[in-house]
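What follows is a single structure, written as structure tokens, with notes after it.
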Amino acid sequence: MSLISALANVHSEGQFGDYEGKNENDLLKISEIKNLSIVQIVQYKNSTISIESVDIDGLKLKEEPLSVSNNNDTRILWNGPKNWLLISNKKDLLTNILQNFKETDFAITDLSHSKAIIEIEGQDTKEVLKKGCPFNFNTLEKNNSINSTYNGIAFTVDMLNDNPNKVRIFALRSFGESLYHSITDASLEFGFKSI
């Protein structure tokens with residue numbers, strides 16, 4: 001059985017919108033990210049385990065809103081109180097988590113195939129996000145993440161870099177195509193390259 005990506009029917013390569021006469025390096029870059037492991041980790045209220053003792057791929061679970069722990073392979077996004085979203089390109093990480101986390105303390109859910117992931121890079125990235133989301137993106141910095149809505153679609157934004165601006169957007173797979181159309185429509189005025 002082969003995996004069909006969430007955006008297979010809508011994402012196509014090329015240049016779109018107001019790109020003529022602009023340097024290709026100045027265009028927004030929009031791509032679909034595939035083959036990442038996505039795991040939700042929730043600590044139960046009655047758990048007595050201290051999260052300071054928890055280590056995943058050399059990273060700690062932070063309890064600070066908007067915070068992201070990261071290394072070259074893995075990012076752990078604070079998703080809410082005692083709730084984290086782990087994103088990794090390591091396929092064996094879920095097996096390690098299931099072996100080391102007691103099911104009496106944590107709920108571990110593999111969300112890898114339930115999300116559509118869109119990556120946007122370029123100086124106008126925040127302007128595109130402002131068009132459909134009420135969050136003040138001027139305050140979003142590198143290694144921050146938020147949960148909000150974009151034109152009514154629930155999504156998570158992970159700020160990967162701020163020079164140039166680069167974000168990953170996660171939404172439920174069933175809303176992926178609608179979100180993709182909203183994002184690309186908002187990007188037309190700046191011109192974008194779909195890769």
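If I ask for residues that are assigned to a strand (DSSP E or B) and among the charged types (D, E, K, R), which ones from the range 83-115 would you list?
Scanning the range 83-115 gives Asp110, Lys115.
It is to be established whether one or more residues within the range 85-94 are touching an Asp or Glu at 6+ places or on another chain (Cβ under 9 Å) and more than 21 Å from Ser37 (Cβ to Cβ).
Taking the range 85-94 as the starting set, the residues that turn out to be touching an Asp or Glu at 6+ places or on another chain (Cβ under 9 Å) are 85-90, 93-94.
Among the residues that remain, those that are also more than 21 Å from Ser37 (Cβ to Cβ) are: none.
For the range 85-94, residues touching an Asp or Glu at 6+ places or on another chain (Cβ under 9 Å) and more than 21 Å from Ser37 (Cβ to Cβ): absent.
Would it be correct to say that Thr125 is under 28 Å from Glu20 (Cα atoms) and under 17 Å from the mean Cα position of the chain (by Cα)?
Judged against the criteria, Thr125 is a match.
Conditions first: (1) open to solvent by 60 Å² or more (accessible area, probe 1.4 Å); (2) polar (S, T, N, Q); (3) in contact with a helix residue (DSSP H, G or I) (Cβ under 6 Å, 6 or more places away or on another chain). Ser114 passes all but one, so which condition is the exception?
It fails just one condition, (1).
So which of Asn71, Asn83 is free of Cβ contacts under 8 Å to residues at least 60 places away in the same chain and farther than 10 Å from Gln40 by Cβ?
Asn71
Checking Ile169 against (1) farther than 27 Å from Asn25 by Cβ; (2) open to solvent by less than 60 Å² (accessible area, probe 1.4 Å); (3) touching a helix residue (DSSP H, G or I) at 6+ places or on another chain (Cβ under 8 Å), which test does it fail?
(1)
Restricting to the range 116-144, name every residue that is part of a strand (DSSP E or B) and farther than 20 Å from Ala186 by Cβ.
Here is the first cut: in the range 116-144, the ones part of a strand (DSSP E or B) are 116-121, 144.
The one that is part of a strand (DSSP E or B) and farther than 20 Å from Ala186 by Cβ: Asn144.
For the range 118-138, which positions are of a type in the set (Val, Ile, Thr) and open to solvent by 10 Å² or more (accessible area, probe 1.4 Å)? Before you say what the answer is, go through the steps one by one.
So the first thing to find is which residues in the range 118-138 are of a type in the set (Val, Ile, Thr), and the list is 118, 120, 125, 128.
Answer for the range 118-138, where residues must be of a type in the set (Val, Ile, Thr) and open to solvent by 10 Å² or more (accessible area, probe 1.4 Å): there is none.
Residues Ile117, Ile76: which one is of a type in the set (Val, Ile, Thr) and in contact with a Leu (Cβ under 6 Å, 6 or more places away or on another chain)? Explain how you work it out, then say what you get.
Details: Ile117 fails: in contact with a Leu (Cβ under 6 Å, 6 or more places away or on another chain).
So the residue among Ile117, Ile76 that is of a type in the set (Val, Ile, Thr) and in contact with a Leu (Cβ under 6 Å, 6 or more places away or on another chain) is Ile76.
Assuming Ile49 fulfils every condition listed in (1) within 30 Å of Leu129 (Cα to Cα); (2) out of contact with any helix residue (DSSP H, G or I) (no Cβ under 6 Å at 6 or more places or on another chain); (3) in contact (Cβ under 8 Å) with a residue 12 or more places away in the chain apart from one, which condition is it?
Among (1) within 30 Å of Leu129 (Cα to Cα); (2) out of contact with any helix residue (DSSP H, G or I) (no Cβ under 6 Å at 6 or more places or on another chain); (3) in contact (Cβ under 8 Å) with a residue 12 or more places away in the chain, the lone unmet condition for Ile49 is (1).
The values are calculated or read from the model by the stated rules, or taken from the named source; none is laboratory data. What you are looking at is a predicted structure, and each value in this text was computed from that prediction instead of being measured. Every residue, glycine as well, gets a Cβ built from its backbone with ideal geometry; the counts of neighbours run over all protein chains shown. These area figures cover heavy atoms from the full protein model, side chains too; ligands, DNA and RNA do not enter into them. Shrake-Rupley method; radii C 1.70, N 1.55, O 1.52, S 1.80 Å.
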